[in-house]
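Working notes, structure below.
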């Protein structure tokens, strides 16, 4: 008989599979495949228990990162690297350049799913299957850790994210395009509520994301900037009036 811990892991794995299935039904034909090429037949998928354990471990890693001094959910360098890496991969077919640019962006946000997707795809295109599979397993564990946080259908069951990039990663994994975004406060929490459409079926979904962590980070920085500006104004007021030379 499975232990209580193993039973919980199995439940998490089944819940994740159910979430994927529900999203597929709602998107009516949208494949739940990532932008990166599919793993080769020789690559073995992790067992449900292992996948659930990885998701939980990566959830903890994401939250630890969000509590660290290195956390910056709005770093411009990350977005710039993500855009350049994608262009190098998809347009210029410069796989080595795409890998290097993605690695550069990951220095600013080591849990950025979109950068990891691009890096995995570039490794695979370059023929480095082992590295591609390793990177793919990492971004899949990160994505699972988001999907296990809720079902995204309401405020109470919103997906918990640590950056806006994670919201776009969720949309991307289900091939959805954002049509509308609303920032809503509900019972003391902050949410991004996205209206997203499937280009293939035309169906529209409403997806809820809890953005407490990035919003708290931003509010703290804004309060710090206001305090600095206020201190600067007080210092100017205290400056003595210049005395003209005699």
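Within segment 156-169, restricting attention to residues that are closer than 15 Å to residue 58 by Cα and touching a strand residue (DSSP E or B) at 6+ places or on another chain (Cβ under 7 Å), the residue that is surrounded by the fewest Cβ atoms within 10 Å (Cβ to Cβ) is 160.
For residue 177, the requirement of being outside the structural domain of residue 63 (by TED's automatic domain parsing), under 17 Å from residue 86 (Cβ atoms) and surrounded by fewer than 18 Cβ atoms within 10 Å (Cβ to Cβ) is met.
Applying the set (1) part of a helix (DSSP H, G or I); (2) crowded, with 18+ Cβ neighbours inside 10 Å; (3) touching a residue at least 40 places away in the same chain (Cβ under 8 Å) to residue 172 leaves exactly one unmet item: (2). Of all residues in segment 64-82, those satisfying the criterion of being surrounded by 14 or more Cβ atoms within 10 Å (Cβ to Cβ) and farther than 17 Å from residue 161 by Cα are 80, 81, 82. Does residue 224 qualify as being surrounded by fewer than 22 Cβ atoms within 10 Å (Cβ to Cβ) and modelled with pLDDT under 95? Judged against the criteria, residue 224 is a match. The set of residues from segment 46-72 being part of a helix (DSSP H, G or I) and out of contact with any helix residue (DSSP H, G or I) (no Cβ under 9 Å at 6 or more places or on another chain) comprises 64, 65.
With respect to the stated conditions, residue 101 is over 15 Å from the mean Cα position of the chain (by Cα), at pLDDT 95 or above and not assigned by TED's automatic domain parsing to the domain that holds residue 178.
Checking segment 127-134 against the condition returns a match, with at least one residue being farther than 14 Å from residue 98 by Cβ and free of Cβ contacts under 8 Å to residues at least 60 places away in the same chain.
For the subset of segment 73-97 comprising residues that are touching a helix residue (DSSP H, G or I) at 6+ places or on another chain (Cβ under 6 Å) and outside any helix (DSSP H, G or I), which member is nearest to residue 222 (Cα to Cα)? Restricting to residues being touching a helix residue (DSSP H, G or I) at 6+ places or on another chain (Cβ under 6 Å) and outside any helix (DSSP H, G or I), the top hit is 73.
Filtering segment 98-155 to residues that are surrounded by fewer than 23 Cβ atoms within 10 Å (Cβ to Cβ), touching a strand residue (DSSP E or B) at 6+ places or on another chain (Cβ under 8 Å) and in a helix (DSSP H, G or I) leaves only 147. Determine whether residue 17 is modelled with pLDDT of 70 or more, within 25 Å of residue 168 (Cβ to Cβ), outside the structural domain of residue 162 (by TED's automatic domain parsing) and surrounded by 12 or more Cβ atoms within 10 Å (Cβ to Cβ). No: the conditions fail for residue 17.
Of all residue pairs spaced 6 or more apart or on separate chains, none has beta-carbon atoms under 6 Å together with a first member in segment 188-212 that is assigned by TED's automatic domain parsing to the domain that holds residue 143 and a second member that is surrounded by 15 or more Cβ atoms within 10 Å (Cβ to Cβ).
The values are calculated or read from the model by the stated rules, or taken from the named source; none is laboratory data. Computed from a prediction, not measured in an experiment: that's the story for all the values here. Don't worry about glycine lacking a Cβ; one is built from the backbone with ideal geometry, like all the others, and counts go over all protein chains shown.
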